[in-house]
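Trainee: I have a structure here, written as C-alpha cells, and I will follow up with some questions on it.
Each reported figure results from applying straightforward, stated rules to the coordinates on display, with no laboratory input. All figures in this text were calculated on a predicted structure; none of them were measured in a lab. So basically every Cβ, Gly included, is an ideal-geometry build from the backbone, and we count neighbours across all protein chains shown.
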Amino acid sequence: MQAILFGRVASFKPIKDVGVTLPMTTIDLQVQRQQLKGPFLIKLDTHGFEVPILRGAQATLLQTEVLILECYNFKVCPERLVFYEVCSFVERYGFRCIDLFDVGYRPYDNALWQTDTMFVRTERPEFEYERFR
C-alpha cells in the first residue's frame, strides 16, 4: 500500500498531477527491524491517518507510555476522528487524556479547531486521585 502526500494532506487515492507517492510501513515493523526497546513515546501529526497507524502499532503500544496526537474538533474529512472519538479509540489500547497543548482556534468564530493531546497509560497514579484538590 502507498500513501499520497500533497500540501500537508495525505490521501490513499492519487491527487491528479500533483503529490508524492510514498511507501507505507507500520510502527511495529520498524520497531522490530530496528530492534528498538521501550518504553516509547509516539507523536503523530497525521491528519486523519491515526487509526491505521495505531492499528499497525499494537505490539509497540504495549510498550508505549505516552501518545501525543493532533486532534481536531471538526470532521473535515471522513477518515479523521474528532477529539472525543480519538479519546475513545485510544482508551481501547489503555490510554487516557492527561493534557492538551498547542491549542488552535478557528478564526471564523474562535471555536476550538485542533489541539495536541497527550495520552498516558490508564494505570498511572494521576488517575487514582479523583478529587480536584
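Trainee: Which condition does Ser88 not pass, out of (1) surrounded by 12 or more Cβ atoms within 10 Å (Cβ to Cβ); (2) of a type in the set (S, T, N, Q); (3) out of contact with any strand residue (DSSP E or B) (no Cβ under 9 Å at 6 or more places or on another chain), if it passes all the others?
Mentor: Unmet condition: (1).
Trainee: Take the range 111-125 and flag every residue that is touching a strand residue (DSSP E or B) at 6+ places or on another chain (Cβ under 7 Å) and within 10 Å of Gly94 (Cβ to Cβ). Step through it out loud before you land on a result.
Mentor: If we filter the range 111-125 for residues that are touching a strand residue (DSSP E or B) at 6+ places or on another chain (Cβ under 7 Å), which is where we start, we get 111-122.
Matches in the range 111-125: Phe119, Val120, Arg121, Thr122.
Trainee: Now for a different question. Within the range 61-90, how many residues turn out to be outside any loop (DSSP other than H, G, I, E, B) and closer than 16 Å to Leu44 by Cα?
Mentor: Residues of the range 61-90 outside any loop (DSSP other than H, G, I, E, B): 61, 64-72, 82-90.
Within this subset, residues satisfying the condition of being closer than 16 Å to Leu44 by Cα are 61, 64-72, 82-83, 85-87, 89-90.
Qualifying residue count, the range 61-90: 17.
Trainee: Here's a follow-up. Give the residues of the range 102-129 that are more than 20 Å from Leu62 (Cβ to Cβ), assigned to a strand (DSSP E or B), touching a residue at least 12 places away in the same chain (Cβ under 8 Å) and more than 14 Å from the chain's Cα centre (by Cα), sorted by residue number.
Mentor: The answer is Asp102, Val103, Leu112, Trp113.
Trainee: Based on this model, can you work out whether Ile42 counts as part of a strand (DSSP E or B) and surrounded by 15 or more Cβ atoms within 10 Å (Cβ to Cβ)?
Mentor: Working: part of a strand (DSSP E or B): yes; surrounded by 15 or more Cβ atoms within 10 Å (Cβ to Cβ): yes.
Spelling it out, Ile42 is indeed part of a strand (DSSP E or B) and surrounded by 15 or more Cβ atoms within 10 Å (Cβ to Cβ).
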